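Presented below is the structure to which this report refers.
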Amino acid sequence: MIESLTEKDFVETKQQWDLCDVYAVVIAKQGWYVKLTLLPDRVILISFHLLERPLRTARGHEVKP
């Protein structure tokens, strides 16, 4: 799933312990919330769950639960 994320799925970058990127993606006709941190040597998946509400990507596309 992570390898299939593209710029069109990107929502925002949040500052938490580290910078985290948030994505909204449709998998099997359902909207999913994905939050991850990119480190030089690994990707850490922080959150991956069904959307609780509609989320708009940075390009303006609305992804629905």
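The values are calculated or read from the model by the stated rules, or taken from the named source; none is laboratory data. All values reported here derive from a predicted model rather than from experimental measurement. Here the Cβ is made from the backbone with ideal geometry for all residues, glycine too, and neighbour counts use every protein chain on show. Quick note on the areas: whole protein, heavy atoms, side chains included, nothing else; ligands and nucleic acids left out. Shrake-Rupley method; radii C 1.70, N 1.55, O 1.52, S 1.80 Å.
Results, tabulated for the structure shown:
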quantity	calculated
Yes/no for residue 8 being out of contact with any Phe, Trp or Tyr (no Cβ under 9 Å at 6 or more places or on another chain), surrounded by 10 or more Cβ atoms within 10 Å (Cβ to Cβ) and among the basic types (Lys, Arg)	yes
Residue check for residue 41: surrounded by 11 or more Cβ atoms within 10 Å (Cβ to Cβ), over 17 Å from residue 58 (Cα atoms) and either of a type in the set (D, E, K, R) or touching a Gly at 6+ places or on another chain (Cβ under 7 Å) (or both)	no
Residue list for the stretch 24-51, restricted to those being within 13 Å of the chain's Cα centre (by Cα) and assigned to a loop (DSSP other than H, G, I, E, B)	51
Count - residues of the stretch 22-36 that are open to solvent by less than 80 Å² (accessible area, probe 1.4 Å) and at pLDDT 95 or above	10
Odd one out for residue 19 among (1) among the hydrophobic types (A, V, I, L, M, F, W, C); (2) at pLDDT 95 or above; (3) open to solvent by 60 Å² or more (accessible area, probe 1.4 Å)	(2)
The stretch 37-56, residues that are of a type in the set (Lys, Arg) and modelled with pLDDT of 95 or more	53, 56
Residue in the stretch 6-18 that is in contact with a helix residue (DSSP H, G or I) (Cβ under 9 Å, 6 or more places away or on another chain), charged (D, E, K, R) and at negative phi present	no
